[in-house]
Every structure is written in structure tokens, then in C-alpha cells.
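A.B. asks: First the structure, which I've put down as C-alpha cells, then a few questions once you've had a look.
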Amino acid sequence: MTDFGILSLKKYRVLYMQDSASPGTDSEQGMHTVLDSLISVIRNSNAGKDISSDSRIIIGISGSVAVGKSTFAEQLRSTFLSVYPVLNVNVVSTDNFLFPAHILKERNIMSEKGFPVSYDYKKIISFLNDYREGKTKITYPCYSHDLYDITDTPQILPECNILILEGINTLSDSYSIPTLPKVGNIRDFLDASIFLDASDDNLYDWFRSRFLNHLEDAKRNQDKSHYAEMIGMSHHELQKIIDHRWYDINYRNFRLYIQPSMIHADLVVRKGQYHDIFSVHLKTS
């Protein structure tokens, strides 16, 4: 696992630990522990007020590339709805707010895609402000992992009481061009936050598996996939690309910007080899 010493700057209390007799189980108890803790944090940040049909709650989920943020966010959404069936809960990824590929290329930062410099923070903050202010039919960009780029068709946020915002940058400092006014941080808009933690070995294995899955998808839809150009490459060539993208880009980003942001999380959820919840830790100060 990540060196948990990084959390020594804040005090965290263990709320849940997976039964060592049954490792790898997808514990429903673990997810309900997460939900109960989030509800408590949200109430505390809203002067004790419970979640209701008038609420505009924002929950942030952060963690490394390939740690399973999107899947976890959907699982959390389902668990929320099991407790609050009358509420609307939606998930949005900060990937949608990456600058388009042509801008990344113009600025010569394609190799830093996913780093703070590659996000349109002005657009993210505007989106969060609109949601907080109760606006409806809020539009935002759409990112395609197959295209590896922003699409031409924007999305519309459905009406919701709880917005789950997942992405590698939800807890880190925003980036502003030095000559322009600094924009706010995403974490300043959050009512509660989670950091998903896992071992370096698991992160690499999950990243490699995801890459190969995208490649398989590309074989069935070559015209619309960034990965199509890699079809037919040898195992050795593919492995070089995987290692470059992981160690030179994603893992470097993790160590420089994502992992240090863990100290801002209200909850740290440590995941096991099978994406199961290994333990849940709550910030106490």
C-alpha cells in the first residue's frame, strides 16, 4: 500500500478493516461504512442539516489513474440511492475538463496530460459554481477514453441532489497560468471527500489491464479509437508503451501531485488486489 505515513500530518481513525480470514471479498459492510461516514461528514459541514430534496451536495473522489474511481463512484451512487431512494445522485468525471488534445499539443504538454497544467480549472470552477447556485441544464464537456480526447458534443447535467465528482485532481491544488488570476481549488467546493489508496503493484497491474482492454475494444471499432494505431504491434512494443505511459506520466503524476493530496481527504479507502475495500480511515482532526 501507499506509505500511510503521509497521513501523519492529520489524524485518521480506522473505521473498518477487512476480515483477514476472507481477503478479496467485496464487502458490503465496507461500502456502508463509507456511506455512514460520508453522511456524518456532510452533516457536520452543513451545520447538522440532513440531506434532503433541497440539497446540493458535492462529494469528491480522488486517487491514482486506474485505481477504480469511476467504478467506486457508481457503487457509492447505488448505495446512496438504497438509503435515499427519493434523491437524485449523479457522477461526473473531471476527465471531462481536460483541455482538448490540440491545445495540449499547442502548449507542448501532451506528455503531462492528467497533470494539473492539463486541466481547464476555470471551466471546472464555473461548473461547480453553477451547480451550487442551483442552476439547471448545466452543460459541460465530454471526454472519450477511446478517442483520448474531448468530443464535439457537450453533456447536460441532470437535476441532482448529490453530485459525485471523481478524478485524479479533485483534492490537489489547481493550476493557473502565472500571468492570470488564480482560480479556486476543487476541494473548496466539496462537502465530503474520499481518497482511494492501493499498492503500487496493484495500480500498475490495473493500469496495464485497462490499457489492454482499450486495445481489444479498438479492434472492434478501429475508426473511433486512439488505440487503433497500436493494433498489430508486438508484445514488446506494447509493453514499452505501457511502461512509458505508466512510469513516465501517470505514476510520476501520482507521486508529484495526486498522492500528496491525500491529506485533504475526509476518508481514505484502501483497496485490495481485487478492488475490494480493505480498510476505511476517517480524518479526526
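A.B. asks: What pairs come out if I take residues in the range 197-221 that are open to solvent by 20 Å² or more (accessible area, probe 1.4 Å) and pair them with residues that are modelled with pLDDT under 95 and part of a helix (DSSP H, G or I) whose C-beta lies under 7 Å away, six or more apart or interchain?
C.D. replies: His214/Tyr227
A.B. asks: I'm trying to understand the selection: among the residues of the range 262-285, which are open to solvent by 20 Å² or more (accessible area, probe 1.4 Å) and under 17 Å from Ser209 (Cβ atoms)?
C.D. replies: Gln273, Tyr274, His275
A.B. asks: In this structure, does Ser78 turn out to be open to solvent by 60 Å² or more (accessible area, probe 1.4 Å), more than 13 Å from the chain's Cα centre (by Cα) and within 30 Å of His214 (Cα to Cα)?
C.D. replies: The answer is yes for Ser78.
A.B. asks: For the range 47-56, state whether one or more residues are open to solvent by less than 10 Å² (accessible area, probe 1.4 Å), over 21 Å from Phe207 (Cα atoms) and touching a helix residue (DSSP H, G or I) at 6+ places or on another chain (Cβ under 8 Å).
C.D. replies: Within the range 47-56 (the criterion being open to solvent by less than 10 Å² (accessible area, probe 1.4 Å), over 21 Å from Phe207 (Cα atoms) and touching a helix residue (DSSP H, G or I) at 6+ places or on another chain (Cβ under 8 Å)), the answer is no, since none of the residues qualifies.
A.B. asks: In this structure, does Tyr175 turn out to be part of a helix (DSSP H, G or I) and either out of contact with any helix residue (DSSP H, G or I) (no Cβ under 9 Å at 6 or more places or on another chain) or of a type in the set (Phe, Trp, Tyr) (or both)?
C.D. replies: no
A.B. asks: Go through the range 170-206 and give me each residue that's touching a strand residue (DSSP E or B) at 6+ places or on another chain (Cβ under 6 Å) and not hydroxyl-bearing (Ser, Thr, Tyr).
C.D. replies: Leu171, Phe189, Leu190, Asp191, Ala192, Ile194, Phe195, Leu196, Asp197, Ala198
Rundown of residues vs (1) among the charged types (D, E, K, R); (2) open to solvent by 40 Å² or more (accessible area, probe 1.4 Å); (3) at negative phi; (4) part of a helix (DSSP H, G or I), yes/no style:
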| residue | (1), (2), (3), (4) |
| --- | --- |
| Ile168 | no, no, yes, no |
| Ile242 | no, no, yes, yes |
| Tyr247 | no, yes, yes, yes |
| Tyr257 | no, yes, yes, yes |
| Pro260 | no, yes, yes, yes |
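A.B. asks: As an exercise: evaluate Asn213 against (1) closer than 20 Å to Phe72 by Cβ; (2) modelled with pLDDT of 95 or more and give the number of the one condition it does not meet.
C.D. replies: All conditions are met except number (2).
A.B. asks: So which residues in the range 82-112 are part of a loop (DSSP other than H, G, I, E, B), surrounded by 15 or more Cβ atoms within 10 Å (Cβ to Cβ) and either in contact with a strand residue (DSSP E or B) (Cβ under 6 Å, 6 or more places away or on another chain) or aliphatic (A, V, I, L, M) (or both)?
C.D. replies: Within the range 82-112, Leu87, Pro100 meet the criteria.
A.B. asks: Okay, next question. Under 8 Å by Cβ, and 6 or more places apart or on different chains, what pairs join a residue from the range 128-156 that is of a type in the set (Lys, Arg) and assigned to a loop (DSSP other than H, G, I, E, B) with one that is at pLDDT 95 or above and open to solvent by less than 90 Å² (accessible area, probe 1.4 Å)?
C.D. replies: Within 8 Å, the pairs are Lys137/Leu157.
A.B. asks: Please state which of the following conditions Pro141 fails to meet, knowing it meets all the rest: (1) surrounded by fewer than 19 Cβ atoms within 10 Å (Cβ to Cβ); (2) over 24 Å from Ser55 (Cβ atoms).
C.D. replies: (1)
A.B. asks: Do you know which of the residues in the range 1-30 that are of a type in the set (A, V, I, L, M), open to solvent by 20 Å² or more (accessible area, probe 1.4 Å) and closer than 25 Å to Gln259 by Cα is modelled with the lowest pLDDT?
C.D. replies: Filtering first and then ranking leaves Leu9.
The values are calculated or read from the model by the stated rules, or taken from the named source; none is laboratory data. Owing to the predicted nature of the structure, the values given are computational and were not obtained by experimental measurement. Methodologically, a virtual Cβ is constructed for each residue, glycine included, from the backbone with ideal geometry; neighbour enumeration extends over all protein chains shown. These area figures cover heavy atoms from the full protein model, side chains too; ligands, DNA and RNA do not enter into them. Shrake-Rupley method; radii C 1.70, N 1.55, O 1.52, S 1.80 Å.
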